Structures are given as structure tokens and as C-alpha cells.
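Worksheet: the structure to be examined is printed underneath.
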Amino acid sequence: MMSATKRLSLSLLGLRLSVFLVMLMWTVDKFLRPEHAAGVFANFYAMGEFGASVFVTLGVLELLLLLAFVTGFARRYSYGAVLLLHAGSTLAAWQQYLHPHEGANLLFFTAWPMLAACLALYLLRDADSMTIDGLRASTRKRSE
């Protein structure tokens, strides 16, 4: 029978991997289709058009953050930054929530469970042991 600690660790790992996958797709989009990213920024964040190099730079920074996040490096900061980024994008789409059955607006509601997952990961970050530093700590304990 699996312990509660092991079940929690596996659950947090599953949340982290699934949040990473979704955010990775948005990051890759900045490299492959910077014009799409520019449209998203203009439409949802009321930011003027930026050149492709701005989105490639944002993509690189996002990718570094996501690598820290998925490995559990600097959990307080990487999990917190992912939570804030996703909260910002979720709230920026507020107009889509007012008309859920128009166009593809219903898809925007999928952001809310992901936001809950990001919050859970941040709040339970100290219990997330299947991380770079968590695995290092458990290896140290076993060798002592």
C-alpha cells in the first residue's frame, strides 16, 4: 500500500508536469508564431505591437522559468512566478467569461482549474519532494 506522502508527491508531480506542458505550448508558440503572440498581447493585455525579437526574448525567459518550475528548482520563486503569470493571463481574459457560449470562449474556462493547480503547487511546494532539491534532500537522508 502506498503511503500518503508518496501519493501526495506523485499528485504534485502530475500537477507540475501537466501545468508545464500547457505553459510550454504557449512558450513554443512565441518562437514558432511570434505574430500570434503579438496578437494575444495586443488583444488581452492592451499592449501595442512588438517585434518578433521581443517575443523570442520573452519565450527564452519563459522557457528558463518553466525549466526551473518543472524540475522544482527554487520552488518558492519558480512556482510563485508561474502562479502569477497564469493568474494574470486568466484574469486578462475576463471578457470571454461574460459570454461563455460565443465562439471558442468556453475554452477559456479551462484556465481556472489550471490556476487552482498552480495555487496548490505553490501552497504545497514544501511537500513537493519529487524535485531536484527534494530528491537531493532524500538522497542525503538515506546516505546519513
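What follows draws every value from the coordinates through simple rules; no lab data is involved. Fair warning: this is a prediction, and the values are worked out from it, not measured in the lab. Methodologically, a virtual Cβ is constructed for each residue, glycine included, from the backbone with ideal geometry; neighbour enumeration extends over all protein chains shown.
Add -39500 (n - 2.57) for each DSSP H run of 4 or more in the chain, then divide by its residues: what number comes out at 222 nm, to the nearest 500 deg cm²/dmol?
-24500 deg cm²/dmol
Span-like helices, the chain: DSSP H, alpha-carbon axial extent 24 Å or more, mean Kyte-Doolittle -1.0 or greater, which ones?
4-32, 52-71, 75-92
Using the beta-carbon distance between A127 and S53 and R0 = 35 Å, what value does 1/(1 + (r/R0)^6) give for FRET efficiency, to the nearest 0.05?
After rounding to 0.05, the efficiency reads 0.30.
What is the sum of charges around M23, taking Lys and Arg as +1, Asp and Glu as -1, for the other residues whose C-beta is under 13 Å from the C-beta of M23?
0
What is the ratio of the Cα radius of gyration of the chain to 2.2 N^0.38 Å, where N is its residue count, to two decimals?
After normalising by residue count via 2.2 N^0.38 Å, the value is 1.20.
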